[in-house]
Structure formats: structure tokens, C-alpha cells
Amino acid sequence: MTSQELFHKCEKEVADYDQYINREQKNFLATLENLDKLIEQIQRESLFSSNEELRDIATENLKLLMIPYLQAEVLMHIMENRYERVLKAHTYYLDYLKLMKHYNLLEK
């Protein structure tokens, strides 16, 4: 499965959770696992570089910047070990905001 295909699969799953579809612990954990696999795949393929600017990213890869946000969203649905999950989700939200700031996508 390509990075793009895996991203779309995960993105759809997260959207379904918001619509109360497949909202089970095992599904949340499977989505988190797929997002972790996606990150590994992106790293193997070297799709991003820390010294690149927004214009250097291929258009089809821009959506991959949302991965930390999707991870946080899934974690917010898990009720088991709630405190730890919320703290981890907070970290992912901050990672997402750091990415947006790095690429100058946030206004002051």
C-alpha cells in the first residue's frame, strides 16, 4: 500500500469515528498502528526534509502533514487510560502546530 493510500484509509477511519462509525477500542488502536506504519513508510521514502520549505513539498504529499493531528484525534476517542491518552494527544497536537509553524502556515 502506498503512503497516499494508507493516509486516505486512516483519514477515512478518523472521519468515521466522528460520525460514530466503528467506534471500538480495537479500531482506534488499529488506526493508531496504521498511522505509525505510515510515519515509518514516509521516513523510509524520505518524503520530507527538515530544511525544505512548503514550496518544496510535492502537492500530493501536503496532506501527510496532518498525521500528528489525526493521531491526536484518534487518541481523544480512547477512554482507557484516559489521562495518559489525553497527554499524548496534546503532544501530537503541539507537533502538528510546530509543523504548521515550520512551513509558515500559521498567522501570528
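Which condition does LYS101 not pass, out of (1) of a type outside the set (Asp, Glu); (2) modelled with pLDDT of 95 or more; (3) surrounded by fewer than 14 Cβ atoms within 10 Å (Cβ to Cβ), if it passes all the others?
Tallying (1) of a type outside the set (Asp, Glu); (2) modelled with pLDDT of 95 or more; (3) surrounded by fewer than 14 Cβ atoms within 10 Å (Cβ to Cβ), LYS101 fails exactly one: (2).
Only residues that are in a helix (DSSP H, G or I) and of a type outside the set (Ser, Thr, Tyr): list them for segment 93-108, please. Explain how you work it out, then say what you get.
As a first pass, look at segment 93-108 and keep what is in a helix (DSSP H, G or I): 93-102.
Passing the criteria: LEU94, ASP95, LEU97, LYS98, LEU99, MET100, LYS101, HIS102.
Given segment 1-92, what helices (runs of 4 or more DSSP H) lie entirely inside it while holding 3 or more residues that are without any contact (Cβ under 8 Å) to a residue 24 or more places away in the chain and surrounded by fewer than 17 Cβ atoms within 10 Å (Cβ to Cβ)?
Working: elements: 3-18, 25-45, 67-77.
Of the helices (runs of 4 or more DSSP H) lying wholly inside segment 1-92, those with at least 3 residues that are without any contact (Cβ under 8 Å) to a residue 24 or more places away in the chain and surrounded by fewer than 17 Cβ atoms within 10 Å (Cβ to Cβ) span 3-18, 25-45.
Residue by residue through segment 1-53, note down the ones that are among the β-branched types (Val, Ile, Thr) and either over 12 Å from the mean Cα position of the chain (by Cα) or closer than 24 Å to LYS101 by Cα (or both). Reasoning before the result, please.
Step one: filter segment 1-53 for residues among the β-branched types (Val, Ile, Thr), giving 2, 14, 21, 31, 39, 42.
THR2, VAL14, ILE21, ILE39, ILE42, listed by residue number.
The values are calculated or read from the model by the stated rules, or taken from the named source; none is laboratory data. What you see is a predicted model; the values in this text were computed from it and never measured. Positions of Cβ are backbone-derived with ideal geometry, glycine not excepted, and every protein chain shown enters the neighbour counts.
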